[in-house]
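The values are calculated or read from the model by the stated rules, or taken from the named source; none is laboratory data. As the structure is a prediction and not an experimental result, all values here were calculated from the model. All Cβ positions, even for glycine, are placed from backbone atoms using ideal geometry, and neighbour counts span all protein chains on display. Quick note on the areas: whole protein, heavy atoms, side chains included, nothing else; ligands and nucleic acids left out. Shrake-Rupley method; radii C 1.70, N 1.55, O 1.52, S 1.80 Å.
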Amino acid sequence: MPWFVWLLAAAALGVAEFFTLTLVFGLLAGAALVAAIVAGVGIGLLGQLLALGAAAAAGLLVVRPIMRHMAQQPLTREGSDALIGKRAEVVQEVTATRGLVKLSGEEWSARALDESLVIPVGAFVDVMEIEGATAIVHPRELLP
């Protein structure tokens with residue numbers, strides 16, 4: 001009859017997992033099922049507790065980090081955000097209010113990050129931000 005107690009514990013832990021969605025209670029419910037199987041085979045209480053502990057440890061130490069890793073979003077940037085950090089070439093002098101750069105094969109309106117800078121034609125710049133259709137740039141090298 002001890003296997004029935006383990007099944008009740010597994011069911012209770014499963015219900016707790018349903019309401020919390022933390023994965024911990026679900027893994028413990030699985031460990032309780034392992035203990036129920038061990039009890040059903042006829043192994044004593046010490047063996048059941050060892051099986052419970054081993055299954056819980058395996059679940060918490062192996063499965064949970066894998067699930068946490070799978071839940072993380074990939075670090076990819078899309079659209080105009082992907083242009084941040086790219087190198088561009090100045091096509092028309094860039095000031096604090098206007099300018100034009102060649103960025104990823106396209107011409108973009110640009111302005112300087114540092115309002116006191118005037119970046120000449122032909123200089124290479126780094127894209128620091130994108131505001132709408134304007135690239136906010138900073139020179140790669142010191143200007144003369």
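A few notes on this one:
- If you go through the range 104-134 and keep only what is touching a Lys or Arg at 6+ places or on another chain (Cβ under 9 Å) and under 18 Å from V91 (Cβ atoms), you end up with S104, W108, S109, A110, R111, A123, F124, V125, D126, V127, T134.
- Selection of the range 133-144 for residues being more than 14 Å from S80 (Cβ to Cβ) and either assigned to a strand (DSSP E or B) or touching a strand residue (DSSP E or B) at 6+ places or on another chain (Cβ under 9 Å) (or both) yields H138, P139, R140, E141, L143.
- Residue, farthest from E131 (Cα to Cα), within the range 59-113, restricted to residues that are polar (S, T, N, Q) and in contact with a Leu (Cβ under 7 Å, 6 or more places away or on another chain): Q92
- Residues that are within 24 Å of the chain's Cα centre (by Cα) and either more than 23 Å from M70 (Cα to Cα) or not in a loop (DSSP other than H, G, I, E, B) (or both), drawn from the range 19-30: T20, V24, F25, G26, L27
- Scope the range 31-54; condition farther than 22 Å from R68 by Cβ, out of contact with any Phe, Trp or Tyr (no Cβ under 9 Å at 6 or more places or on another chain) and buried (at least 20 other Cβ atoms within 10 Å of the Cβ); matching residues: A51
Condition check ((1) within 26 Å of F4 (Cα to Cα); (2) free of Cβ contacts under 8 Å to residues at least 60 places away in the same chain; (3) not polar (S, T, N, Q)) across all residues:
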| site | (1), (2), (3) |
| --- | --- |
| A39 | yes, yes, yes |
| A55 | yes, yes, yes |
| L61 | no, yes, yes |
| M70 | no, yes, yes |
| T76 | no, yes, no |
| A82 | no, yes, yes |
| T95 | no, yes, no |
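- Considering only residues in the range 96-132 that are more than 16 Å from G85 (Cβ to Cβ) and among the β-branched types (V, I, T), the one that is most open to solvent (accessible area, probe 1.4 Å) turns out to be T97.
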